[in-house]
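The values are calculated or read from the model by the stated rules, or taken from the named source; none is laboratory data. Being a predicted model, the structure only gives us computed values, none of them experimental. Positions of Cβ are backbone-derived with ideal geometry, glycine not excepted, and every protein chain shown enters the neighbour counts. Note: areas computed on protein heavy atoms with side chains; ligands, DNA, RNA excluded. Shrake-Rupley method; radii C 1.70, N 1.55, O 1.52, S 1.80 Å.
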Amino acid sequence: DAKTTQPPSMDCAEGRAANLPCNHSTISGNEYVYWYRQIHSQGPQYIIHGLKNNETNEMASLIITEDRKSSTLILPHATLRDTAVYYCIVRVARETSGSRLTFGEGTQLTVNP
Amino acid sequence: NAGVMQNPRHLVRRRGQEARLRCSPMKGHSHVYWYRQLPEEGLKFMVYLQKENIIDESGMPKERFSAEFPKEGPSILRIQQVVRGDSAAYFCASSSLPGQGTFGSGTRLTVV
């Protein structure tokens, strides 16, 4: 699985958009970009994933650059409960068998009132 | 539709004792993954199981650790003769399809 690079920490004001970047310059054509987050002392929570098109769900939006070497997770209206460590993970999504997640250091997002 | 259930939430063991951690996957999920998170560190993959089979145990320590996922019942992560360095949060995830694994709340093991 390709390695990812994320800033160690970011701050965001409550109610504003949080934009979390991720670099994955060695991504392969069959690798997806996944985002998870871990709120303190809880298990990781799946947020969103994508291959090359931008994706949006009820939690967030994922913007992937055209060359797929980087992406940005957008939380449109951050709340205090979004304070967490956010992990960007690149991996192959195998249809017929499971595969593990390789967590890096992630970005500690702190949403301030 | 209960999520991934892990128990116990907190486990205290003395050095040399055995620790047994349980993970009940979501209904219909046949893939189970175990991860360990040492204090102030990220999550590290340990083992991936499907029913009755270990698929990938490349992250498991060579000694004292074992995992199973029987045909009936929860997946078990077993740590024999625990040492202080085993103190960590152990998370289980399950999935029916790869990549969208749902994690449990974890078991926090403290070795005293």
>> Filter region B:66-95 down to the residues that are within 14 Å of chain A (Cβ to nearest Cβ) and either under 9 Å from the mean Cα position of the chain (by Cα) or within 15 Å of residue B:10 (Cα to Cα) (or both) and list them by number.
In response: B:67, B:75, B:88, B:89, B:90, B:91, B:92, B:93
> Can you name the condition, by its number, that residue B:95 falls short on among (1) open to solvent by 80 Å² or more (accessible area, probe 1.4 Å); (2) under 27 Å from residue A:92 (Cβ atoms)?
Replying inline: (1)
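Please specify each residue of region A:2-20 satisfying the condition of being over 15 Å from the mean Cα position of the chain (by Cα) and crowded, with 17+ Cβ neighbours inside 10 Å. Outline the logic, then answer.
From region A:2-20, those over 15 Å from the mean Cα position of the chain (by Cα) are A:11-16; that's our starting set.
Of everything in region A:2-20, just one residue is over 15 Å from the mean Cα position of the chain (by Cα) and crowded, with 17+ Cβ neighbours inside 10 Å, namely A:12.
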>> Filter region A:21-73 down to the residues that are among the polar types (S, T, N, Q), loosely packed, with under 15 Cβ neighbours inside 10 Å and away from every other protein chain (no Cβ under 14 Å) and list them by number.
In response: A:25, A:26, A:28, A:53, A:54, A:56, A:65
> Is there a residue being farther than 16 Å from residue B:18 by Cβ, hydroxyl-bearing (Ser, Thr, Tyr) and not in a strand (DSSP E or B) anywhere in region B:83-98?
Replying inline: yes
> Residue check: is residue B:33 touching a Lys or Arg at 6+ places or on another chain (Cβ under 8 Å) and in contact (Cβ under 8 Å) with a residue 60 or more places away in the chain?
Replying inline: yes
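Rundown of residues vs (1) at pLDDT below 95; (2) open to solvent by 10 Å² or more (accessible area, probe 1.4 Å), yes/no style:
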| position | (1), (2) |
| --- | --- |
| B:21 | no, no |
| B:58 | yes, yes |
| B:72 | yes, yes |
| B:91 | no, no |
| B:99 | yes, no |
>> Taking the criterion of being closer than 17 Å to residue B:87 by Cα, out of contact with any helix residue (DSSP H, G or I) (no Cβ under 6 Å at 6 or more places or on another chain), within 12 Å of chain A (Cβ to nearest Cβ) and not in a loop (DSSP other than H, G, I, E, B), would at least one residue in region B:45-62 satisfy it?
In response: yes
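Out of the strands (runs of 3 or more DSSP E) lying entirely within chain A, which hold 2 or more residues that are of a type outside the set (Lys, Arg) and touching a residue at least 60 places away in the same chain (Cβ under 8 Å)? First the steps, then the outcome.
Numbers: elements: A:9-13, A:18-23, A:31-38, A:45-50, A:61-64, A:70-75, A:84-92, A:107-112.
Filter on chain A gives A:9-13, A:18-23, A:31-38, A:84-92, A:107-112.
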